């Protein structure tokens, strides 16, 4: 008898977990109902808030302003006769601020010529740019890369021959130097399609090769920036020999001042006569 009663008690205890499980499911269901209710309330609040703001701002905005037709300027008015914005002129001003003893600018009608001394860019007999040249070329590139003007880079040397495996003549050296400058400009953001590179060797000297000072001036890289590709200077460097500089070099200004002082006529004293 005692054994049977024990088995009955165990049978009743075996189903108690169902009550706990039912309570857990009920609580879980209630939790999801509450979460859904909260999310539904938030959505309705946001909808009502959006509708309220729309109605508040739409009270004065129901009537859309009518776009007025553009006003035609009088051709005789001061605004119409004033000079329009000249990006090429702005480019001249920006490059003028970068001038120094090694970088001389010569603006002309339709193009800008920037004369860069080779000594500021390269070691003797080399076309590898010196580190000191990177900063100046980066500044120049920052100015010219914003505009679409074509650019010609021309390399020149003095008349001293060069015989190396890398540069059999001054032609190769001058072309390699111009190409080095062009490559650096493209690295700083100037479009490669805008640039042409030419090496002229010892042709078209701008100073006398008989002196060291003259040879130093002839060793150079010229950067030509033209308004368009039809400018003759892009293809004919001989034009530089015929075109006067609009902005004289510092050395030229000093020499002119000295000539004026030397040519002054001293007044003759009456006592001396």
(request) Name, by its number, the condition in (1) surrounded by fewer than 18 Cβ atoms within 10 Å (Cβ to Cβ); (2) modelled with pLDDT of 55 or more that does not hold for residue 242. (result) (2)
(request) Scan region 121-134 for residues that are surrounded by fewer than 17 Cβ atoms within 10 Å (Cβ to Cβ) and assigned to a helix (DSSP H, G or I) and report the count. (result) 3
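On the given criteria, is residue 95 assigned to a helix (DSSP H, G or I) and closer than 26 Å to residue 232 by Cβ? Before the answer, list the steps.
Working: assigned to a helix (DSSP H, G or I): yes; closer than 26 Å to residue 232 by Cβ: yes.
Spelling it out, residue 95 is indeed assigned to a helix (DSSP H, G or I) and closer than 26 Å to residue 232 by Cβ.
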(request) Check region 54-68 and report whether any residue there is under 25 Å from the mean Cα position of the chain (by Cα), assigned to a helix (DSSP H, G or I) and either modelled with pLDDT under 55 or closer than 17 Å to residue 143 by Cα (or both). (result) no
(message) Suppose we filter region 108-120 for residues that are without any contact (Cβ under 8 Å) to a residue 40 or more places away in the chain and in a strand (DSSP E or B); how many remain?
(response) 0
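The values are calculated or read from the model by the stated rules, or taken from the named source; none is laboratory data. Bear in mind that the values here come from a model prediction, so they are computed numbers and not experimental data. When we count neighbours, we look across all protein chains shown, and the Cβ atoms used for this are built from the backbone with ideal geometry, even at glycine.
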